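Below is one structure; the comments refer to it alone.
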Amino acid sequence: MNSQDTGTFKTGDGRDITVNAIADLYRDGLSLSSPYSGRIFQLGKDNYSLSCQFSTVDCDNLESIKTSKSYSLVKSQTPDKQIESVRCISNPQLVGEIAVVTSENGRYLARLKESAKDQDNKRQYLELWDRSKLLKTIDINELEEHGPINVDEYFSFMSWCPYGDQDKLLYVCQSKKPKFQSFFKQQVKEGKIRNLGDDYSKIEDWGECLEGISHTMAAVIDITSLKITTYNLDDHSLADSRWLDGGNKIVSTAIKETPKRLGLVYCNNRPCKILIHELNDASSFDIHIKSQSLHSPRVSHCGQKLLYLKSPLFGAHHHSVSLCLYDLKTGSSVELASDLFVTLPERCFSMDDKYVLFLNENYLHNEMSVINLESRQLSKIKFPTTGVNILDFNHDIILASGSKIDTTPTLYVAILTTPDLVAWHQIEDCIHVDEISYQIYKVDAPDGQDFISAVLVSPNLQTLYKKYKLGDVQKQESELPTIVNVHGGPHSCYLAFYMPTLVLYARLGIKSLLINYRGSTGVSENYLRRLCGKIGSIDVGDCLHVIRHLAKNRAIDPKKLVIHGGSHGGFLACHLSCQDEFKFTSAIIRNPVVDLVSMYSTSDIPDWINSAALGHDEFDFTWLPTKEELAKLYDSSPISRVSKAYVPTLMFIGNKDKRVRMFQGERWIDHLAARGVETKCKVYADKHALSKTEVSADSVITAIIWMLRHL
């Protein structure tokens with residue numbers, strides 16, 4: 001009888017543990033509420049309201065719960081106008097709508113709700129309120145002007161006009177899908193054959209996570225007349241629309257749809273331009289720079305300055321960016337800073353429009369930075385934690401969430417006076433997880449010209465045993481197994497944020513090693529491009545080099561290693577399963593790229609192959625790989641080495657994945673199983689990230705059991 005039959009397993013430090021106990025540890029780690037968005041409103045001269053939204057996991061019902069809390073903030077009467085007090089003024093309230101937005105004057109509110117009998121029959125309802133009076137509920141499905149309002153992370157934006165009476169609502173929506181006419185069921189009238197026989201025509205969408213979204217536009221509803229006006233551009237989808245020029249104009253990112261829509265999620269290299277529409281007529285003009293992608297518009301408080309990001313076209317799918325400023329009066333742009341890995345908050349201008357606040361990835365940290373628009377001087381703002389996310393910036397108040405690898409997320413608030421004088425107030429409790437410790441490494445690359453960053457998270461066994469009354473420690477920390485994590489992308493990175501799964505692994509006596517190989521973001525554009533055309537070589541070598549370095553320094557046990565990765569991290573996990581230097585006890589792989597040859601024809605981002613595998617900076621939609629290029633794609637693929645794979649492998653696959661089709665992972669598992677290697681494969685009704693609450697819970701616990709069984 002094995003441990004799987006009894007439901008009991010050995011942890012990394014030698015304790016017996018049951019499946020129920022593992023599930024309880026998961027529940028404990030995921031039940032914490034984490035702030036994910038916020039909003040700042042002015043109530044009086046020095047009085048403000050903060051509204052914050054939190055997310056937590058209900059493990060009993062396997063669903064994500066969103067709640068909202070309100071806080072009051074009072075500025076002091078002193079000349080420096082620092083925070084006098086901030087306190088919570090409400091209990092957590094369940095968030096039932098999919099979007100809600102309040103006008104700056106507090107008078108108008110729009111609430112978007114969704115009702116669905118099933119996935120294919122969703123209906124949206126837009127409620128429009130004037131103070132406590134419900135003016136109108138609009139059934140979006142019944143509108144003639146447009147289709148569903150976008151609520152995705154890429155296209156969507158909803159805002160009341162911040163100027164004048166603030167009685168106009170701007171949002172991004174999909175075009176109305178045409179009603180097709182059958183050849184047989186409709187009588188064709190002379191001159192009216194639109195959509196005749198088109199009911200089986202292929203309609204492209206924007207790929208992974210944006211399924212069914214084909215063409216988007218901006219819309220404005222006037223609350224006084226309830227008239228809806230749409231703003232459109234042929235062959236382009238509009239995204240991230242904003243008010244401009246005192247409410248007389250609208251600015252959007254316009255993404256080119258022809259000759260083909262390429263996947264947008266995780267990509268900032270698409271053909272995009274900044275489009276400006278006149279509100280009262282159909283005219284428009286754009287900001288366009290040849291061979292550059294322009295996106296993420298943000299508008300100053302005066303409405304005359306427009307901030308946007310500029311990145312190279314095609315090539316690496318996630319580039320560093322330049323921060324640019326467009327002056328509406330002069331029609332000219334200036335570049336403020338370059339070679340940054342920027343995240344712009346929705347509101348990023350100081351009230352005097354002299355400063356812009358943003359986040360910038362640097363090494364393993366997400367740094368809060370501010371740039372002076374006159375001097376173009378870039379300054380860093382000190383923050384209490386290594387991980388930070390800006391929730392809102394308004395009235396020179398910064399609302400942010402922060403965490404560390406060993407500290408849970410919480411809320412912070414501060415007044416921006418000057419970048420070097422920011423006093424942070426923590427307004428929610430956090431938990432310092434003393435059962436773990438972590439070490440950040442900066443390892444010289446094999447060629448001596450670069451470095452590779454890594455984080456090693458280890459259990460503090462003495463603290464862990466004392467806290468949970470587990471008796472005497474039986475093993476030294478140097479004897480514990482390590483799960484080696486390699487991120488996807490490849491142009492992304494691990495940051496020093498709190499990650500519940502790392503704490504969960506530590507409580508099971510397992511170390512976690514996070515590797516940012518060359519090609520990761522957060523260093524420079526040159527560092528990022530170092531990997532282009534060399535995947536399967538440099539990235540694999542970097543991972544082995546870091547493992548070798550830590551093993552030599554006795555930070556990890558090279559005989560007790562587990563490999564884990566998804567997407568391009570799965571690509572690397574498959575590659576690392578085939579090498580001889582380190583014998584992994586098991587592999588846990590999610591939606592991996594295993595065959596670059598077939599991926600080119602099946603992924604929503606075929607240009608990724610062109611850049612990552614072949615090193616091309618440009619992409620031609622008519623391009624087809626040559627025989628020599630096909631050979632290189634095969635040689636770079638894990639499938640070319642599958643005969644050397646020996647590691648017991650657990651595979652997780654999403655059957656709705658449009659980025660890396662599920663047959664890639666299936667092919668790997670089939671080869672291993674045919675050769676007698678122990679395998680297990682789970683297929684979920686989910687997308688590439690496998691982020692559904694029930695999927696995440698099942699996959700994490702399944703992975704833990706797989707790891708423990710094979711230690």
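The values are calculated or read from the model by the stated rules, or taken from the named source; none is laboratory data. On a predicted model such as this, the values are computed, not experimentally measured, just so you know. In this analysis, Cβ positions are derived from the backbone assuming ideal geometry, glycine residues included, and neighbour counts consider all displayed protein chains.
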Selection from the range 216-243 of residues that are over 29 Å from the mean Cα position of the chain (by Cα), surrounded by 13 or more Cβ atoms within 10 Å (Cβ to Cβ) and over 14 Å from residue 176 (Cα atoms): 221, 222, 223
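One line per residue, one yes/no per condition, for (1) of a type outside the set (Ser, Thr, Tyr); (2) touching a Cys at 6+ places or on another chain (Cβ under 7 Å); (3) at pLDDT below 95:
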| residue | (1), (2), (3) |
| --- | --- |
| 429 | yes, no, yes |
| 436 | yes, no, no |
| 446 | yes, no, yes |
| 450 | yes, no, yes |
| 458 | no, no, no |
All positions within the range 24-54 that are among the hydroxyl-bearing types (Ser, Thr, Tyr), under 23 Å from the mean Cα position of the chain (by Cα), buried (at least 16 other Cβ atoms within 10 Å of the Cβ) and under 27 Å from residue 394 (Cα atoms): 33, 34, 37, 51
Given (1) assigned to a helix (DSSP H, G or I); (2) modelled with pLDDT of 95 or more; (3) not acidic (Asp, Glu), index of the condition residue 600 fails: (2)
Which numbered condition residue 213 fails, given (1) surrounded by fewer than 21 Cβ atoms within 10 Å (Cβ to Cβ); (2) under 24 Å from residue 267 (Cβ atoms): (1)
Given (1) surrounded by 12 or more Cβ atoms within 10 Å (Cβ to Cβ); (2) at pLDDT 90 or above; (3) charged (D, E, K, R), index of the condition residue 81 fails: (2)
Every residue from the range 523-535 that is surrounded by fewer than 24 Cβ atoms within 10 Å (Cβ to Cβ) and not aromatic (Phe, Trp, Tyr): 523, 524, 525, 526, 529, 530, 532, 533, 534
Number of the exception - residue 316 against (1) among the small types (Gly, Ala, Ser); (2) surrounded by fewer than 18 Cβ atoms within 10 Å (Cβ to Cβ); (3) closer than 28 Å to residue 531 by Cα: (2)
Boolean, residue 500 is over 28 Å from residue 312 (Cα atoms), of a type outside the set (A, V, I, L, M, F, W, C) and touching a Leu at 6+ places or on another chain (Cβ under 7 Å): yes
In the range 217-230, residue modelled with the highest pLDDT [restricted to those that are of a type in the set (Gly, Ala, Ser) and out of contact with any Cys (no Cβ under 7 Å at 6 or more places or on another chain)]: 218
Only listed residue being at pLDDT 95 or above and over 28 Å from the mean Cα position of the chain (by Cα), chosen from 160, 129: 129
Test for residue 543: is it touching a residue at least 40 places away in the same chain (Cβ under 8 Å) and not in a loop (DSSP other than H, G, I, E, B): yes
Only listed residue being among the aliphatic types (A, V, I, L, M) and closer than 27 Å to residue 311 by Cα, chosen from 596, 561, 550, 544: 596
When residues of the range 529-568 are limited to those that are farther than 23 Å from residue 648 by Cβ and of a type in the set (S, T, N, Q), the one farthest from the chain's Cα centre (by Cα): 553
Filtered residues of the range 93-120 (kept if at pLDDT below 90 and either over 24 Å from residue 153 (Cα atoms) or more than 27 Å from the chain's Cα centre (by Cα) (or both)): 117
Single residue of 238, 244, 233, 210 found to be modelled with pLDDT of 95 or more, out of contact with any Ser or Thr (no Cβ under 9 Å at 6 or more places or on another chain), under 28 Å from residue 333 (Cα atoms) and among the hydrophobic types (A, V, I, L, M, F, W, C): 244
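If I filter the range 559-566 for residues that are in a helix (DSSP H, G or I) and basic (Lys, Arg), do I get at least one hit?
No, the range 559-566 has no match at all.
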Failed item, numbered, when residue 502 is tested on (1) under 24 Å from residue 711 (Cβ atoms); (2) part of a loop (DSSP other than H, G, I, E, B): (2)
Residue among 107, 87 that alone is in contact with a Ser or Thr (Cβ under 8 Å, 6 or more places away or on another chain), surrounded by fewer than 16 Cβ atoms within 10 Å (Cβ to Cβ) and not polar (S, T, N, Q): 87
Pairs, first within 25 Å of residue 696 (Cβ to Cβ) in the range 571-597, second among the polar types (S, T, N, Q) and not in a loop (DSSP other than H, G, I, E, B), C-beta under 7 Å, six or more apart: 577/649; 587/649; 589/649; 592/664; 593/664; 594/664
Residues of the range 542-582 satisfying the condition of being acidic (Asp, Glu) and within 24 Å of residue 530 (Cβ to Cβ): 542, 581
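A quick yes/no check of all residues on (1) in contact with a helix residue (DSSP H, G or I) (Cβ under 8 Å, 6 or more places away or on another chain); (2) buried (at least 21 other Cβ atoms within 10 Å of the Cβ); (3) closer than 19 Å to residue 302 by Cβ:
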| position | (1), (2), (3) |
| --- | --- |
| 351 | no, no, yes |
| 356 | no, yes, yes |
| 364 | no, yes, no |
| 372 | no, no, yes |
| 398 | no, yes, no |
| 401 | no, yes, no |
| 404 | no, no, no |
| 407 | no, no, no |
